[in-house]
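For reference, the structure discussed in these notes is given below.
Read-outs: derived from the displayed coordinates by stated rules, not from any lab. Quantities reported herein were computed from a predicted structural model and do not represent experimental measurements. Every residue, glycine as well, gets a Cβ built from its backbone with ideal geometry; the counts of neighbours run over all protein chains shown.
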Amino acid sequence: MNIFKRLFKIGQAEANSAIDNMEDPIKMTEQGIRDLKMDLEKSLESLAQVKALAIRAKNDVEEYTSKANDYEQKAMIVLTKAKNGELDIKEADELAKEALIKKEETNQQIASAKEEAKSFDESVSTLEGTVQEIKSTIHKWENELKTLKARVKVSKATKNLNKQMAEIDATGTVSMLERMKDKVQQEEALAEAYGDLAKKSKSVDDKLNEATDSKKSTAENDLEALKKQLGLKD
């Protein structure tokens, strides 16, 4: 009996590229474990039945051995009675012979029961090994399932995060931010340019005012004339 027929679905799916077309791997693994537990239940039932047969065969050996001893004892008793004159010798010989024939038949039954008991014991040993192997496999896959569930959670979280990042870039958010940065830099440059123009404009106005300020020019001429009149200037 191949105890891993159902488990093979899990192992094959894990190694085969067809895993991409499978259903939820967690559900598949859980189903595989349930199938294994069903196999375990059947194996335990078979083990119990074979153990019962082994016990019965051993009981038969004991029963047949006791019966064979009883026939031998009876043969000895009738011969003893014949010796003591309590029973006809010829009759005693016939009875003793029948008892010994029965003993031989019982010995054959003992040998057959022993063979059966040996065969059942071997089957019990094989089934016990199978049961332990299934239990070990179930334990292994239950641990694998825990790890698988954790890996699925991490992979889903990573996938969602990467998807969000991809969607952010796809919707042009990054490009928009770059444009906003360029626009700010352009506004800053424009402000600086207006500042420079303001400085240059003010400087030209000052020069024009100086060149066209007639009042200032007249006052200077009057000052020069007054100084000459007072003898303050040659």
Exercise. What order, most packed first, do the peptides 35-46, 184-195 have when packing is the mean number of other Cβ atoms within 10 Å of each residue?
Worked result: 35-46, 184-195
Exercise. Which order, highest average first, do 144-151, 56-63 follow once you tally other Cβ atoms within 10 Å for each residue and take the mean per peptide?
Worked result: 56-63, 144-151
For this session: Output the pairs from Lys37/Lys118; Lys42/Lys156; Lys51/Lys149; Lys42/Lys67 with a Cα-Cα distance over 32 Å in this structure; if there are none, say none.
Result: Lys42/Lys156; Lys51/Lys149; Lys42/Lys67
